[in-house]
Amino acid sequence: MVKASSESIDNPSSSLLQLRGVSIFYGHIQAAWDVNFSVRQGSITALLGSNGAGKSAIMKAITGILPVAHGTILFEDLDLETVSPHRRVNLGISLVPEGRKVFPWLTVQENLELGAYCPRARRMKKGSLREILEIFPVLATRRKQLAGSLSGGEQQMLAIGRGLMARPRLLMLDEPSLGLAPVMVQHIFEVIERIRIQGVTILLVEQNVRHTLRVAERAYILETGRVTLEGTGEELLDKPHVKKAYLGL
């Protein structure tokens, strides 16, 4: 299993990531307003909300794909405003985007190896590849197969595996269960928990609220770009608003 480096788990109670008063725009359209939340080292932290709530915009701002209009994003004590997107990957920030975004004309193994392009991951590429294929045995049997020929669930495994090849300290997963059959959804969440147990901190964006709140140490509800509720997974499962709006109860 791909493990976080020892520097990421020395103090598991501290915050690895903090957003302080963050506002984000897509062009002239504001996607997030004064967002505050933190992600503890070694935890699964969830961002929940409907389509258009601002979840993906926040992920993109953390990676540097979108600029922050106001506020600060800290990775440990480092202000990410001073760090270019490619250097953020080398710090240990890895995003598995919505929609998988695998390279369909490349093989499974080639897709995975592309995940280890940054200097901190490149020197461990062979070991990482072996560990990823142990996590996802189906990829081992398809390593020479074109990624575009895989099923949706297999492509999602490949996307997660590619993200892990970067040896992340923070793995961000954007809608990993989207469009998958129920049995595959269950498998993906089992993998997410397994990754966290090995010391990788996870920021999870999901619309599958029930599954997410069962695995998340802490969760934040986003509505129209603002954090409207926060708490532990168990606490939010008991909130009447969450039950009505997201669980259909």
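The values are calculated or read from the model by the stated rules, or taken from the named source; none is laboratory data. Since this is a predicted model, take the numbers as computed values, not measurements. Please note: Cβ atoms are built from the backbone with ideal geometry, for glycine as well, and neighbour counts cover all protein chains shown.
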Report yes if some residue within the range 169-179 is in contact with a Ser or Thr (Cβ under 6 Å, 6 or more places away or on another chain) and part of a loop (DSSP other than H, G, I, E, B); otherwise report no.
-> yes
Going by the conditions given, is Val205 of a type in the set (Val, Ile, Thr) and surrounded by fewer than 13 Cβ atoms within 10 Å (Cβ to Cβ)?
-> no
Filter the range 132-156 for residues that are crowded, with 18+ Cβ neighbours inside 10 Å and part of a helix (DSSP H, G or I) and give the result.
-> Ile132, Leu133, Ile135, Leu139, Ala147, Gly153, Glu154, Gln155, Gln156
Would the range 223-233 turn up any residue that is out of contact with any strand residue (DSSP E or B) (no Cβ under 8 Å at 6 or more places or on another chain) and part of a helix (DSSP H, G or I)?
-> no
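Return yes when Thr72 is in a strand (DSSP E or B), closer than 22 Å to Gln207 by Cα and at pLDDT 95 or above and no when it is not.
Details: in a strand (DSSP E or B): yes; closer than 22 Å to Gln207 by Cα: no; at pLDDT 95 or above: yes.
So Thr72 fails the test.
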Filtering the range 220-244 down to residues that are of a type in the set (A, V, I, L, M, F, W, C) and either under 17 Å from Val22 (Cα atoms) or without any contact (Cβ under 8 Å) to a residue 12 or more places away in the chain (or both) yields Ile221, Leu222, Val227, Leu229
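Every residue in the range 210-222 that is within 20 Å of Gly99 (Cβ to Cβ) and either of a type in the set (S, T, N, Q) or part of a helix (DSSP H, G or I) (or both), please.
Start the filter on the range 210-222 by keeping residues that are within 20 Å of Gly99 (Cβ to Cβ), which leaves 211-212, 222.
Selection gives His211, Thr212.
For Arg196, are the conditions met, namely being assigned to a loop (DSSP other than H, G, I, E, B) and under 24 Å from Ser14 (Cα atoms)?
When the stated conditions are applied, Arg196 does not pass them.
In this structure, is Lys101 basic (Lys, Arg) and buried (at least 17 other Cβ atoms within 10 Å of the Cβ)?
Values: basic (Lys, Arg): yes; buried (at least 17 other Cβ atoms within 10 Å of the Cβ): no.
In short, no.
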Identify the residue in the range 107-140 that is hydroxyl-bearing (Ser, Thr, Tyr) and at pLDDT below 95 and, among all such residues, is farthest from Asn90 (Cα to Cα).
-> Ser128
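Which of the residues spanning the range 40-87 are basic (Lys, Arg) and either in contact with a Ser or Thr (Cβ under 6 Å, 6 or more places away or on another chain) or under 20 Å from Val227 (Cα atoms) (or both)?
The first filter runs over the range 40-87 and keeps only residues basic (Lys, Arg), leaving 40, 55, 60, 87.
Those that are basic (Lys, Arg) and either in contact with a Ser or Thr (Cβ under 6 Å, 6 or more places away or on another chain) or under 20 Å from Val227 (Cα atoms) (or both): Arg40, Lys55, Lys60.
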Filtered residues of the range 71-89 (kept if within 30 Å of Glu235 (Cα to Cα) and either in contact with an Asp or Glu (Cβ under 8 Å, 6 or more places away or on another chain) or in contact (Cβ under 8 Å) with a residue 24 or more places away in the chain (or both)) | Gly71, Thr72, Ile73, Leu74, Phe75, Glu76
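I need a count of the residues in the range 81-102 that are more than 15 Å from Met157 (Cβ to Cβ), in a loop (DSSP other than H, G, I, E, B) and touching a Gly at 6+ places or on another chain (Cβ under 9 Å).
In the first step, residues of the range 81-102 are kept if they are more than 15 Å from Met157 (Cβ to Cβ); the result is 81-95, 98.
Narrowing further to those that are in a loop (DSSP other than H, G, I, E, B): 83-84, 92, 98.
With touching a Gly at 6+ places or on another chain (Cβ under 9 Å) added as a condition, the list becomes 83-84.
Going through the range 81-102 one residue at a time, the tally reaches 2.
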